[in-house]
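The values are calculated or read from the model by the stated rules, or taken from the named source; none is laboratory data. For clarity, every value in this text was computed on a predicted model and none was experimentally measured. Heads up, the Cβs are rebuilt from the backbone with ideal geometry, glycines too, and the neighbour counts pull from every protein chain shown.
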Amino acid sequence: MSVYDKTGIEDLGRRLTGAGCELISTGGTHRSLSDAGIAVRQVADVTGSPEILEGRVKTLHPTIHGGLLARRDSAGHMAELEQHGIDAIDLVVVNLYPFAATVSKPGVTLDDALENIDIGGPTMLRAAAKNFPSVAVVVDPADYDWVADALADGELSIEQRRGLAAKAFQHVATYDAVVADYLASDPASEDEMPEQVTIGLKRVSALRYGENPHQRGALYVPASGGSGGLAQAQQLHGRELSFNNLMDADAAWRIVSEYTDPTVCVIKHANPCGLASSDDVAEGYRRAYEGDPVSAFGGIVGYNRPVTAAAAEAMDPVFYEVVVAPGYDDDALAFLQRKRNLRILSVEPAVSGPGAADYDVRPLSGGVLVQTRDTIAEYPDQWTTATKRAPTSAELADLVFAWKAVKHIKSNAIAFVKDRTLVGMGAGQPNRVVSVHLSSGRRARSRLAACWHRMLSSHSRITLSWRQKPVSRPSSSRAAPFGMMKSSRRRMQPALPWCSPV
Ligand SMILES: NC(=O)c1ncn([C@@H]2O[C@H](COP(=O)(O)O)[C@@H](O)[C@H]2O)c1NC=O
């Protein structure tokens, strides 16, 4: 037994000695056990070598590793143990130096970090895990109880030992990935994508199923630590979250997090069908909802400010699956909790763990695409005007709003915006002209289509304005909504019969 985190170790030690085990421990673990009156030998007494180099070498010794690695079914191995006076070791209980927690501390030095890279612990875990046909390895304190129960009744089965071995290897792999991330986060190497990427994740919850009922699914967070973000949201109310709930709630949280002004969105199928900024969050919700009242049903509502009672009441007539916000006024929460099926999430901004490379990862058949996140700073005061008429300052504010919105709408993304409110949205269409057509709610005019065609041939990102009444909702002002589109391809789409250039 050699554990950094001593929680539960006395109870386990007592149960193991009760089951007839003889215990061997390193310095601090030995102290904890013997102080609790449990019979235990010092590892140094077993190896005949003292701990040296300030604890850098404690268990790295043939007596320990011979005892762990010898095949019990090999007469040769057992004879060698005998010859060298080594006893077989049947169970290893180890947890490692807290590397991630250490490097999360502000002002941590490289020296501190290096001293917290555990070497002897992983070596014992790997040795015991390799030899799981004969040896059991316990790395997770959550396993202490059932392992002690099994040993009290006899022994662990081969399947149980194999499961523990897999867990130990997984643990060591994740631990090493965090160390590698930390060491790789050298500013000099930031220009290049890394040669190899190992992403250590730990499961925080099992989901009933994945995207479809025949798929399995679970939620993971980075093993390197970090906090906040949708994956670490606190669920304040409602039924279990599904895979799709989490996907949509994340889309909601990401889009409202894009705005500094108080902003509310309504998400359907990972796209915002409603989005509005307003100093009054209840008004923001109303305007977001009115952007597309039909699609809002069954959606997810996201706020970047605490939900007020007025906003909660405004949401009342509509069925929503999830609401996600950085907090809730007490009366708002009490009001929302009346709805049995509404899942209520409280989220804090995401803070990456130490050295965690913050990648966007997409699966391909046979591989994955990895890119850095789309977090570029935008400078609207440096934008140039593509049209003859320059936007007014109110129109520019709408364009800034639209530019942030369109980043979160799936391609071919179209956003019509008026008064910092999304009034029309086109997403996921294979044809961008059709996407405009859908988002404007009526057949695109040939003049508009021609305008698109001219611009699509020369720009990959386009801002557009034209004289046309807002179509998705009535507006008191006579100015037209502003449109914005995003496309990752420069090629012009083939002309459709109803949008031939004029
Ligand atoms: N150097 C070694 O040989 C070695 N052997 C075990 N450890 C670690 O020492 C820790 C326990 O130390 P202690 O029992 O002294 O509190 C465990 O986290 C274990 O993983 C070691 N420390 C670091 O590598």
### Message
within 16 Å of the ligand (Cβ to nearest atom) and in contact with a His (Cβ under 9 Å, 6 or more places away or on another chain): which single residue out of VAL57, VAL43 fits that description?
### Response
VAL43
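Considering each residue of the stretch 315-367, count those that are of a type in the set (A, V, I, L, M, F, W, C) and part of a strand (DSSP E or B), and give that number.
The qualifying residues number 9.
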### Message
Just to be sure I understand, how many residues within the stretch 244-295 are within 26 Å of the chain's Cα centre (by Cα), assigned to a helix (DSSP H, G or I) and over 21 Å from GLY210 (Cβ atoms)?
### Response
3
### Query
If the Cβ limit is 7 Å and pairs must be 6+ apart or interchain, which residue in the stretch 199-215 that is loosely packed, with under 11 Cβ neighbours inside 10 Å pairs with which residue that is part of a loop (DSSP other than H, G, I, E, B)?
GLN215/TYR209
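Do you know which residues across the stretch 60-82 are more than 16 Å from the ligand (Cβ to nearest atom), touching a Leu at 6+ places or on another chain (Cβ under 9 Å) and either basic (Lys, Arg) or assigned to a helix (DSSP H, G or I) (or both)? Before the answer, list the steps.
So in the stretch 60-82, the residues more than 16 Å from the ligand (Cβ to nearest atom) come out as 70-82.
Still in the list and also touching a Leu at 6+ places or on another chain (Cβ under 9 Å): 70, 77.
HIS77, the sole residue that qualifies.
Please tell me if ILE86 is outside any helix (DSSP H, G or I) and either more than 16 Å from the ligand (Cβ to nearest atom) or at positive phi (or both).
On the way: outside any helix (DSSP H, G or I): yes; either more than 16 Å from the ligand (Cβ to nearest atom) or at positive phi (or both): yes.
Here the answer is yes, as ILE86 does meet what is asked.
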#### Entry: Residues that are more than 35 Å from the chain's Cα centre (by Cα), surrounded by 21 or more Cβ atoms within 10 Å (Cβ to Cβ) and more than 8 Å from the ligand (Cβ to nearest atom), drawn from the stretch 1-32
GLY13, LEU16, ILE24
### Task
State all residues of the stretch 37-52 that are within 41 Å of the chain's Cα centre (by Cα) and not in a helix (DSSP H, G or I); if no residue qualifies, say none.
GLU51, ILE52
### Summary
When the stretch 13-31 is checked residue by residue, the ones that are in contact with a helix residue (DSSP H, G or I) (Cβ under 6 Å, 6 or more places away or on another chain) and part of a helix (DSSP H, G or I) are GLY13, ARG15
### Task
Test ASP145 against the stated conditions and say whether it is farther than 16 Å from ALA173 by Cβ and surrounded by fewer than 18 Cβ atoms within 10 Å (Cβ to Cβ).
yes
### Query
In the set ASP381, ASP398, which member is surrounded by 12 or more Cβ atoms within 10 Å (Cβ to Cβ) and in a helix (DSSP H, G or I)?
ASP398
### Task
State which residue is surrounded by the most Cβ atoms within 10 Å (Cβ to Cβ) when the search covers only the stretch 89-124 and only residues that are away from the ligand (no atom under 15 Å from the Cβ) and in a loop (DSSP other than H, G, I, E, B).
ASP90
#### Entry: Pairs, first closer than 11 Å to GLY27 by Cα in the stretch 48-60, second among the β-branched types (Val, Ile, Thr) and within 9 Å of the ligand (Cβ to nearest atom), C-beta under 7 Å, six or more apart
GLU51/VAL57; LYS58/THR26; LYS58/VAL43; THR59/THR26; THR59/VAL43
### Query
When you scan the stretch 241-254, how many residues do you find that are charged (D, E, K, R) and without any contact (Cβ under 8 Å) to a residue 40 or more places away in the chain?
1
### Message
Of everything in the stretch 75-88, what is out of contact with any Ser or Thr (no Cβ under 6 Å at 6 or more places or on another chain) and either closer than 22 Å to LEU125 by Cβ or in contact (Cβ under 8 Å) with a residue 24 or more places away in the chain (or both)? Give them in sequence order.
### Response
HIS77, LEU81, ASP87, ALA88
### Message
Looking at GLY55, GLY76 in this structure, which one is surrounded by fewer than 16 Cβ atoms within 10 Å (Cβ to Cβ) and over 42 Å from the mean Cα position of the chain (by Cα)?
### Response
GLY76
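Okay, residues lined up against (1) over 30 Å from ASN245 (Cα atoms); (2) not in a strand (DSSP E or B); (3) not basic (Lys, Arg):
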{"site": "VAL137", "(1), (2), (3)": "yes, no, yes"}
{"site": "ASP145", "(1), (2), (3)": "yes, yes, yes"}
{"site": "ARG162", "(1), (2), (3)": "yes, yes, no"}
{"site": "GLN215", "(1), (2), (3)": "no, yes, yes"}
### Task
Would you mind finding the one in VAL301, VAL281 that is at negative phi, touching a Lys or Arg at 6+ places or on another chain (Cβ under 8 Å) and among the β-branched types (Val, Ile, Thr)?
VAL281
### Query
TYR175 passes all but one of (1) within 26 Å of ALA70 (Cβ to Cβ); (2) within 16 Å of the ligand (Cβ to nearest atom); (3) in a helix (DSSP H, G or I); (4) modelled with pLDDT of 95 or more; which number fails?
(4)
